[in-house]
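The block underneath contains the structure these notes are about, expressed in structure tokens.
The values are calculated or read from the model by the stated rules, or taken from the named source; none is laboratory data. Everything quoted here is computed from the prediction, not taken from an experiment. Cβ placement follows ideal geometry from the backbone for every residue including glycine, while neighbour counts extend to all protein chains displayed.
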Amino acid sequence: MASVLAGFGFSLALIVAIGAQNAFVLRQGLRREHVLPVVAICVAGDATLMTAGIAGLGALLTGTPTALAAVRWGGVAFLLGYAVLAARRALRPTALTPLDRPPATLRATLLTCLAFTFLNPHVYLDTVVLLGTVAHQDPNRWAFGAGAATASLVWFAGLGLGARRLGPLLAHPAAWRVIDGTIAVIMVAIAASVAVG
């Protein structure tokens, strides 16, 4: 049980920081669009990457500079592209009226979520490399991993489903201007930190 709790706490500390994936889940929750599939992809993606890290992929990835560079620059390009889209939405905000306009298609939403999950270099660094390394120092690495995956489930379910409560507060275009502007700034900041790091 100590290993499960250690993994839960360590994973939660990594996940809670506002990043690209969290911003996307929050936006989907606020818009009430395909929240459960988005949460499921985030949780399954984290669990898969954590398992790979605990199984030893982290050591292999850090030993292959070409693969690490490909992940880094692909992620930078994706994050900057999403920042541009968020900035455009911030310049032309609309109110939160889910019934007035059709939601994004499930396919487009899931593809975007998969991109945030697997094209973001921070996801690999946090789950595969860092969490995998720390899990190997625990006496029961798989229990540590189970705790880490549980933290992912609790966080993403809370973020995606809890965002619905903010709907009435975000019924004005000015609120979306702030949200999308903040998302754009976060994406650019993450892309810059990945590019120079």
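Comparison of 123, 129, 154 shows that the only residue that is in contact with a Ser or Thr (Cβ under 7 Å, 6 or more places away or on another chain), part of a helix (DSSP H, G or I) and within 14 Å of residue 22 (Cβ to Cβ) is 123.
Count of the stretch 103-134 residues, restricted to those that are within 15 Å of residue 82 (Cα to Cα) and without any contact (Cβ under 8 Å) to a residue 12 or more places away in the chain, is 2. Could you please find all residues in the stretch 48-67 being assigned to a helix (DSSP H, G or I), at pLDDT below 80 and farther than 18 Å from residue 117 by Cβ? Those that are assigned to a helix (DSSP H, G or I), at pLDDT below 80 and farther than 18 Å from residue 117 by Cβ: 59, 60, 62, 65.
Residues that are surrounded by 16 or more Cβ atoms within 10 Å (Cβ to Cβ) and polar (S, T, N, Q) were ranked within the stretch 114-137; the one that is modelled with the lowest pLDDT is 120. Hey, does the stretch 102-113 have a residue that's of a type in the set (A, V, I, L, M), part of a helix (DSSP H, G or I), surrounded by fewer than 19 Cβ atoms within 10 Å (Cβ to Cβ) and modelled with pLDDT under 85? No: the stretch 102-113 contains no residue that is of a type in the set (A, V, I, L, M), part of a helix (DSSP H, G or I), surrounded by fewer than 19 Cβ atoms within 10 Å (Cβ to Cβ) and modelled with pLDDT under 85.
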